[in-house]
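**Q** Take a look at the following structure, please.
The values are calculated or read from the model by the stated rules, or taken from the named source; none is laboratory data. As the structure is a prediction and not an experimental result, all values here were calculated from the model. Here the Cβ positions follow ideal geometry from the backbone for every residue, glycine too, while neighbour counts run over all protein chains shown.
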Amino acid sequence: MPVEFDKKDLAKYPFLKEAQSLVNDRAYSVENFIKSEFGKKISAKAISRINSALNNNYIFEDDRQDNPEAEILSYAISRLVVSCMKERQMNDKLCRYESERAAFFLQTEKPEKKDYVAISMGIDLESRRIKVPDYIELVPNLRDARWQLVNRDVNEGYVSIKREESEELLKERIRSVLHKQLPLPVGDSICSLLQSMVGEISRAYQEKLMEQFGEVNESAFPPCMKAIINAVSAGTNIPHTARFSLTAFMHTIGMDTTGIVEVYTRAPDFDVDKTLYQVEHISGRSGTEYTPPGCATMKTYGLCVNADSLCKNKNIAHPLSYYKIKKKKEDSFKKTVESETNKNRTEVLTKKNNHKDSSVEK
Ligand code: SF4
């Protein structure tokens, strides 16, 4: 290694190959390590790491002084746990968390170490340009419009990059490299040792999903998604973009594969195997979990139809935002109606009882 990284440095960047060889030395038998007292402490740390990732808690402290080895090992265990979970969104969250964490430390890193981390990830921080194909590969998950190729300064096959942008691209590269590595091929015996941790995180994940979207409510679907469902029900041969958008939307709001396939059974030419394959592919079995497109992309697909007053008045930018707002409104309306009904019922019962009492007195 041209630059010396001690354990405290590696604790900041546990994805570096030098940190990984430390893990291999320390936990040469993963099973024994997990069962050991030290392994249990590390597992608790890994759980807290995953919980922070789940809750998008990107507030980091430089606590590596205490036990840098524990930091490195908890990174490794957290990756095993999410791999056993088999939930793509959890992989996404953990990778995002790790890239944010690394970016936090890189802000104050010595230049030679920062460069080393960047080069390990395939980014040259000193270069002010990137080849177009490399750039295209790097940015697809960056939502901000300034990253779109049409908004960039492109010259002779290169995209110009500012210094501060290089650091953002490095963070994104860390995220995508880690994402490509997950899920790890973890054997059943290790997954069963991690079962209680996997169960704990799976419950927290489900709760988070419910908190975010609650029970699925089709009446709160945005007009664009309702239009696609109507087209499916009418037997229209919908384009791939429509099928993709609807499936990714339903998956993201927490519908399981059966629920999603059930929507497609409304099509007269429903083919269970084909539908199941497509749904599972979009939901993450292929290794990539897709999210539904935003309103701008829906417009370019020609799928933004029947936009209603909520779309317009709230300046909705994503069908998921529409769903969250509408559902919240409907849920609170339902609660009001329920409490009014209960109030009326109580009043009627009280009146009835009062009437009974007065009849008995007579
Ligand atoms: S504005 Fe967005 S949410 Fe509303 S119909 Fe168009 S794509 Fe759907």
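**Q** Please name all residue pairs, on different chains or six or more residues apart, with Cβ atoms under 8 Å, provided the first residue is in segment 303-323 and is without any contact (Cβ under 8 Å) to a residue 12 or more places away in the chain and the second residue is within 7 Å of the ligand (Cβ to nearest atom).
**A** As it stands, the answer is 314/322, since those pairs meet every condition given.
**Q** All but one of (1) touching a Pro at 6+ places or on another chain (Cβ under 9 Å); (2) on the phi > 0 side of the Ramachandran plot hold for residue 122; state the number of the condition that does not hold.
**A** Going through the list (1) touching a Pro at 6+ places or on another chain (Cβ under 9 Å); (2) on the phi > 0 side of the Ramachandran plot, residue 122 breaks only (1).
**Q** Name the residue that is nearest to the ligand (Cβ to nearest atom), counting only residues in segment 315-333 that are within 11 Å of residue 222 (Cβ to Cβ) and surrounded by fewer than 19 Cβ atoms within 10 Å (Cβ to Cβ).
**A** Checking each candidate, the answer is 321.
**Q** Would you tally the residues in segment 291-314 being within 7 Å of the ligand (Cβ to nearest atom) and of a type in the set (Gly, Ala, Ser)?
**A** Residues meeting the conditions: 1.
**Q** Sticking with this structure for a sec: Quick check on segment 142-156. Is at least one of its residues closer than 26 Å to residue 281 by Cα and crowded, with 20+ Cβ neighbours inside 10 Å?
**A** No, because not a single residue in segment 142-156 is closer than 26 Å to residue 281 by Cα and crowded, with 20+ Cβ neighbours inside 10 Å.
**Q** Residue 254: touching a helix residue (DSSP H, G or I) at 6+ places or on another chain (Cβ under 6 Å), modelled with pLDDT under 85 and either closer than 30 Å to residue 139 by Cα or more than 16 Å from the ligand (Cβ to nearest atom) (or both), yes or no?
**A** Against the criterion (touching a helix residue (DSSP H, G or I) at 6+ places or on another chain (Cβ under 6 Å), modelled with pLDDT under 85 and either closer than 30 Å to residue 139 by Cα or more than 16 Å from the ligand (Cβ to nearest atom) (or both)), residue 254 qualifies.
**Q** Checking residue 180 against (1) under 24 Å from residue 58 (Cβ atoms); (2) surrounded by 12 or more Cβ atoms within 10 Å (Cβ to Cβ); (3) at pLDDT 80 or above: exactly one of these is not met. Which one?
**A** Result: residue 180 fails condition (2) only.
**Q** Tell me the residue from 219, 202 that is within 16 Å of the ligand (Cβ to nearest atom), closer than 30 Å to residue 323 by Cα and in contact (Cβ under 8 Å) with a residue 40 or more places away in the chain, please.
**A** 219
**Q** On to the next question. Quick check on segment 6-13. Is at least one of its residues hydrophobic (A, V, I, L, M, F, W, C), at pLDDT 90 or above and either within 29 Å of residue 256 (Cα to Cα) or out of contact with any Gly (no Cβ under 6 Å at 6 or more places or on another chain) (or both)?
**A** yes
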